[in-house]
Amino acid sequence: MHRVDIDHERDAMEQPPSPAAEQTQLESRKGTLASKFMLVNISSNLLLAYQSLGVVYGDLSTSPLYVYRSIFVGKLQNYQTSEAIFGAFSLIFWTITLIPLLKYVFVVLSADDNGEGGTFALYSLLCRHAKFSLLPNQQAADEELSAYKYGSSGQSTSCLPLKRFLEKHKKSRTILLIVVLLGACMVIGDGVLTPAMSVISSMSGIQAATEHLSHGGVLILSCIILVGLFALQHSGTHRVGFLFAPIVTIWLISIFLIGLYNTIFWNPKIVSALSPYYIVKFFKETGKDGWVSLGGVLLSIAGSEAMFADLGHFTATSMRIAFPFFVYPCLVVQYMGQAAFLSKNIDSIPNSFYNSVPDSVYWPVFVIATLSAIVGSQAVITATFSIVKQCNALGCFPRVKIVHTSKHIKGQIYVPEINWILMILTLAVAVGFQDTTLIGNAYGLACMTVMFITTFLMVLVIIFVWQKSVALAIPFLLLFGLIEGIYLSSAFIKIPQGGWVSLVLSFAFLTIMFVWHYGTRKKYNFDLHNKVPLKWLLGLGPSLGIVRVPGIGLIYSELATGIPSIFSHFVTNLPAFHTVMVFVCVKSVPVPFVPPEERFLIGRICPRPYRMYRCIVRYGYKDIQRDNGNFEDLLIQSIAEFIQMEAVEPQLSSSESPSFDGRMAVISTRSVQSSSTLLVSEEDFGISNSIQSSKSLTLQSLRSAGDDENPQMRRRRVRFRLPENPGMDPAVRDELSDLIDAKEAGVAYIMGHSYVKARRSASFMKKLVIDIGYSFLRKNCRGPAVALNIPHISLIEVGMIYYV
């Protein structure tokens, strides 16, 4: 009986489950996976929220060091009463609530460009949804990028008239670019003013505690810290980045507890100042002097734009966790406690923060305040490097050296030239003013200008990108534009008292950016209107009327279509050229990052016997152009893949169209590496190999000498050969064979060494900009060959004069 029962149970277990049971199990598995994914997502955002404290909020969290002191200066010193203190706190509370919390956290963070934020992210979104870009090098293929698409593809009819107006009038697009560049220049100005402001304010605690230390001694200590801060930039923030978040976290908790203690101990009635009634009472009492004091109140939100500018390192969700639930309460309680202390100790306003710190924790708070000031300064300096990189990618800043300091964290870069310029300017501001009130006036003007520009661009994003009605964008503009406009007008009043520094710095950088962009655009338009006619090349025949020598010639040009005039200049002055010619265009597209598999666009320029191709290498405005040493190999493989693809897909064949230029195909580097079009083998790239691949004894000695001087450049040599494929088209096989032979013979890089000059009939202003301004910048910036990582030993430069 027992055996029978066991057999019955075994049979029941072996029977397949019913469909209803399978559905239940499937749903339970889905629920388990969903819950696990949700937990992982929540924990990831919490970790990012914690890390963002050190990178994003260092500047904003140190503002309690100097806000009250900056408010009660000038004529407002006559209103140092407890009622005025209550009104000042109420102003600070509602300013923090409306702009960082309501505007940035709930609205602006939603306008990310594939996870990236900042002024250029908004401009990039606008350029992708309307023809706002002034440099006409965009192609239809760029719109196929995975990062290009944003939102719905349709267009709202209500915004079409405004869109057509902006696209039609070049002046309106120029004004838009100037506004964006002004915002970028103000951020660079922040990179000068923030370190001076934060470090001097934190170091003032020593003077408050030790009477024998003079103001000059504090200034010397501040300058030493500033020099050390800039001197350590080359090592990258990732080396000390793990310390940033704990420092700011401890700082925020400290000021929260100090604020809570002061509120309870000195004046709990300060809680009533959360009512906006005290703002009305404040302005009734102070009048115009109260309006002027808003320049000090706005310092309480200085650094808020970092939430949007540094969005690429984190997520919008992590920002929305960190600020409302941790940073915001800590700041509000600290300002409340400081106001409670000042309401009973009016004489302590000049050094309000350190005087409100209990004696028992004074020195620990001083140490953590100094470290937090350094962290806040570091974040702004890093943001300045990022802004310069983005301006450079969009053709709005001279070429500078950009060092990627981290292999794991994207966006961690170091720009040596900008770093030392910032250090010199920061020390000049610190030594020249020696007063945080004057520096704060310039700092507040720069910060509020960036916020006002963000509001203006957000209105355009709401209309053109989000495709909402103008009626929805107007309330946003009226609310935040009015508030920020009032603060900005107050900051402009402080121009004679230090605010002029922001204007001078911004005007200087804006002039550099606009002159460089103007010269670059004029040079591009000259190339565009002086392209070599394709009929001229076709009339010369496959030999081009010259000797075709073995090798590959890479002709670099900024043109995405057509043949640049440099080529005809080269051909008419030299009797020979390479058997394979590739016109290479390295360009930036209005997206933050271009995936590697979408980077290369390959096409053919003339019929197959000409062996002429085009390669467009696309980068986003935040991409780093690294010298991986495999560009030539990827290019050869991509062209081979295109040749094979062209034979399979008739629509790429040039015989169906009278034009032999313009048909491009995206060649994925991943598919190239796994493709069987060419067989790849690697061997050590030594001197003997380089000598074997060279026809000239002189070039042999030059290359071997170059290898000896640059041992780090000695990489593994990649050799290509055709697979045994009897079914391959003979014409395709011949073309691939010619490509491989040309690669074995060597690769030469041909670039134009351009001299841009204004025409004799040009206006005086144009001659000043082109002949003096642009020429000076071009001579003192990095050469295009260095910026593009072109090997010097293989470079051929052709002199060209551009009369624009």
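Can you compute the modelled spin-label distance between Ser360 and Val648, with each label point 7 Å from Cα toward Cβ, in nm?
Distance between the two pseudo-spin positions: 7.7 nm.
Only Cα pairs under 8 Å and at least 6 apart count here; give the relative contact order of the stretch 753-804 as a rounded whole percent. Don't jump to the answer; show the numbers that get you there.
Numbers: 38 pairs, mean separation 33.3, N = 52.
In percent, rounded to a whole number, it is 64.
Probe of 1.4 angstrom, ligands and nucleic acids ignored: what's the accessible area per residue over the stretch 227-328, in square angstrom?
On the way: 4350 Å² over 102 residues.
Per residue, the stretch 227-328 has an accessible area of 43 Å².
Percent relative contact order of the stretch 340-414, based on C-alpha pairs within less than 8 angstrom and at least six residues apart? Show your work: numbers first, answer last.
On the way: 33 pairs, mean separation 12.9, N = 75.
Averaging sequence separation for qualifying contacts and normalising by length gives 17 percent for the stretch 340-414.
Let me test this: with uniform point scatterers at the alpha carbons of the stretch 51-129, what is the Debye-based log₁₀ I(q)/I(0) at q = 0.19 1/Å?
At q = 0.19 Å⁻¹ the computed log10 ratios are -0.94.
How much length is gained if the chain between Ser763 and Trp500 is pulled fully straight, taking 0.36 nm per residue apart and subtracting their Cα-Cα distance, in nm to one decimal?
91.6 nm
Say the cut-off is 29 Å between C-alpha atoms; which of Lys389/Lys743; Lys587/Lys766; Lys131/Lys535 go over it?
Working: Lys389/Lys743 33 Å; Lys587/Lys766 26 Å; Lys131/Lys535 31 Å.
Lys389/Lys743; Lys131/Lys535, as the Cα separations exceed 29 Å there.
What accessible surface, in Å², does a 1.4 Å probe find on Leu229, ignoring ligands, DNA and RNA and rounding to the nearest 10?
For Leu229, the solvent-accessible surface is approximately 20 Å².
In nm, give the distance between the simple-model label positions of Asn780 and Ile624, each being 7 Å from the Cα along the Cα-to-Cβ direction.
With each label point 7 Å from Cα toward Cβ, the separation is 2.8 nm.
Using a 1.4 Å probe on the protein heavy atoms only, what accessible surface does Asp771 show? Give it in Å² to the nearest 10.
In the full protein context, Asp771 sits at about 60 Å².
Quick check: pseudo-label points 7 Å beyond the Cα along Cα→Cβ at Ser272 and Ile178, how many nm apart are they?
5.1 nm
Hey, could you pull the Cα Rg and Dmax for the stretch 263-405, both in Å?
Final numbers for Rg and Dmax: 19.8, 57 Å.
The values are calculated or read from the model by the stated rules, or taken from the named source; none is laboratory data. Predicted model only: the values in this text are computed from it and were never measured. Here Cβ is always computed from backbone atoms with ideal geometry, including for glycine, and neighbour counts include all displayed protein chains. Protein only, heavy atoms only, side chains kept; ligands, DNA and RNA dropped before computing areas. Shrake-Rupley method; radii C 1.70, N 1.55, O 1.52, S 1.80 Å.
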